[in-house]
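The values are calculated or read from the model by the stated rules, or taken from the named source; none is laboratory data. Please read these numbers as outputs of a predicted model, since none were measured by experiment. Counting neighbours? That spans all protein chains shown, and the Cβs are built from the backbone with ideal geometry, glycine included.
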Amino acid sequence: MAKRRGKPPRIPQVGTHGMDDALHEYAVSMSPGESLELESLRRDTWVSTVSPQMLSDELQGRLFSAISHMIAPKRILELGTFTGYATACLAEGLASGGVIDTVDREDELVDMQDKHWESMGIRHQIRRHVGMAKDILDSGVLMSEDSRPFDLILIDADKENQRSYLDWACEHVRVGGWIVVDNVLWWGDVVNVASGNSKEPRAVAIHELNTYIRDHDQLDNVLLPLRDGLQLIRRTR
Ligand SMILES: C[S@@+](CC[C@H](N)C(=O)[O-])C[C@H]1O[C@@H](n2cnc3c(N)ncnc32)[C@H](O)[C@@H]1O
């Protein structure tokens, strides 16, 4: 993919969720930046979708790419494709012959996904599944089409079912493989839950998920306060 040179484009990133904006900008400017193809996908997402803020920001995308390069996965699963931005970032580090299964309930975005994945030359590495994530996981299709365990799983769909997605991921990622969970700070509200000052149900559920991950005897984790919070989790046994 063509590398972008110079200043980052003026496309909204909705990046920091309260973190220091200047530091965030500095981190972006000292990182390689997204490719022209990813920039085009970001632009299309902001022009054509009703909730473009769901898109990963540029720094997060570069982190997904770095993680994927570190692991060199043969098999990745993503829950929550949206317009396919994170899918494309993850594809950058795939091992030769590697594939990504990606799942989303929306069928309206498939043309946009195809257009951009084709222009990036990665369409052949992606198996798209349209439907509710829980139904697709429960259906067995992901393992009947390909029985290899996953090397990397990104959980970024609805927040209500995070715990069941995590349990499924723990069973189907290889020992030593990685699970990444997005939005684990919930706009900072988890801090209020932890201090007893909020009972907001989604923040409570996410705080409980973070606690569950930290105390899980098969998982090792680090919670990164990047954007809305990312859990990087390794299956240890
Ligand atoms: C935050 S966006 C994903 C962003 C994407 N991973 C990225 O980084 O660009 C969440 C996506 O999950 C999808 N989604 C929400 N609930 C779902 C469910 N129960 N099953 C499948 N997809 C779901 C939404 O349609 C949306 O596209």
(request) Taking Asp146 as meeting all but one of (1) in contact (Cβ under 8 Å) with a residue 40 or more places away in the chain; (2) not in a loop (DSSP other than H, G, I, E, B), write down the number of the exception. (result) (2)
(request) Mind listing whichever residues of the range 74-87 are part of a loop (DSSP other than H, G, I, E, B) and either touching a Lys or Arg at 6+ places or on another chain (Cβ under 8 Å) or more than 16 Å from the ligand (Cβ to nearest atom) (or both)? (result) Lys74, Thr81
(request) Kindly indicate whether Asp167 is touching a helix residue (DSSP H, G or I) at 6+ places or on another chain (Cβ under 7 Å) and either under 18 Å from Leu63 (Cβ atoms) or outside any loop (DSSP other than H, G, I, E, B) (or both). (result) no
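One line per residue, one yes/no per condition, for (1) among the charged types (D, E, K, R); (2) more than 12 Å from the ligand (Cβ to nearest atom); (3) in contact with a helix residue (DSSP H, G or I) (Cβ under 6 Å, 6 or more places away or on another chain):
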{"site": "Asp21", "(1), (2), (3)": "yes, yes, no"}
{"site": "His24", "(1), (2), (3)": "no, yes, no"}
{"site": "Met30", "(1), (2), (3)": "no, yes, no"}
{"site": "Glu39", "(1), (2), (3)": "yes, yes, no"}
{"site": "Thr45", "(1), (2), (3)": "no, no, yes"}
{"site": "Thr49", "(1), (2), (3)": "no, no, no"}
{"site": "Pro52", "(1), (2), (3)": "no, no, yes"}
{"site": "Leu63", "(1), (2), (3)": "no, no, no"}
{"site": "His69", "(1), (2), (3)": "no, yes, no"}
(message) Step by step: first the residues of the range 102-128, then only those that are within 16 Å of Met143 (Cα to Cα) and buried (at least 21 other Cβ atoms within 10 Å of the Cβ), then the one that is farthest from the ligand (Cβ to nearest atom). Which residue is that?
(response) Ile126
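Go through the range 182-199 and give me each residue that's on the phi < 0 side of the Ramachandran plot and without any contact (Cβ under 8 Å) to a residue 12 or more places away in the chain. Quick ask: steps written out before the conclusion?
To start, the set of residues in the range 182-199 that are on the phi < 0 side of the Ramachandran plot comprises 182, 184-185, 189-195, 197-199.
Those that are on the phi < 0 side of the Ramachandran plot and without any contact (Cβ under 8 Å) to a residue 12 or more places away in the chain: Val191, Asn192, Ser195, Asn197, Ser198, Lys199.
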(message) Against the conditions (1) surrounded by fewer than 16 Cβ atoms within 10 Å (Cβ to Cβ); (2) more than 23 Å from Ala72 (Cβ to Cβ), where does Glu171 fall short? Just the number, please.
(response) (2)
(request) Within the range 28-52, work out how many residues are at pLDDT below 90 and surrounded by 14 or more Cβ atoms within 10 Å (Cβ to Cβ). (result) 2
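Being assigned to a loop (DSSP other than H, G, I, E, B) and either of a type outside the set (Gly, Ala, Ser) or in contact with an Asp or Glu (Cβ under 6 Å, 6 or more places away or on another chain) (or both) is the requirement here; does Asn197 meet it? Don't jump to the end; show me each part of the working.
Details: assigned to a loop (DSSP other than H, G, I, E, B): yes; either of a type outside the set (Gly, Ala, Ser) or in contact with an Asp or Glu (Cβ under 6 Å, 6 or more places away or on another chain) (or both): yes.
Judged against the criteria, Asn197 is a match.
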(message) Restricting to the range 170-194, name every residue that is more than 11 Å from the ligand (Cβ to nearest atom) and either assigned to a strand (DSSP E or B) or β-branched (Val, Ile, Thr) (or both).
(response) Val173, Arg174, Val175, Gly176, Gly177, Trp178, Ile179, Val181, Val184, Val190, Val191, Val193
(request) Name, by its number, the condition in (1) outside any helix (DSSP H, G or I); (2) at pLDDT 95 or above that does not hold for Lys159. (result) (2)
(request) Give the residues of the range 154-167 that are within 13 Å of the ligand (Cβ to nearest atom) and surrounded by fewer than 21 Cβ atoms within 10 Å (Cβ to Cβ), sorted by residue number. (result) Asp158, Lys159, Glu160, Asn161, Ser164
(request) Name the one entry in Leu137, Leu90 that is within 12 Å of the ligand (Cβ to nearest atom) and either on the phi > 0 side of the Ramachandran plot or in contact with a Leu (Cβ under 7 Å, 6 or more places away or on another chain) (or both). (result) Leu90
(message) Of the residues Asp151, Asp217, Asp228, only one is among the charged types (D, E, K, R), assigned to a loop (DSSP other than H, G, I, E, B) and surrounded by 15 or more Cβ atoms within 10 Å (Cβ to Cβ); which?
(response) Asp228
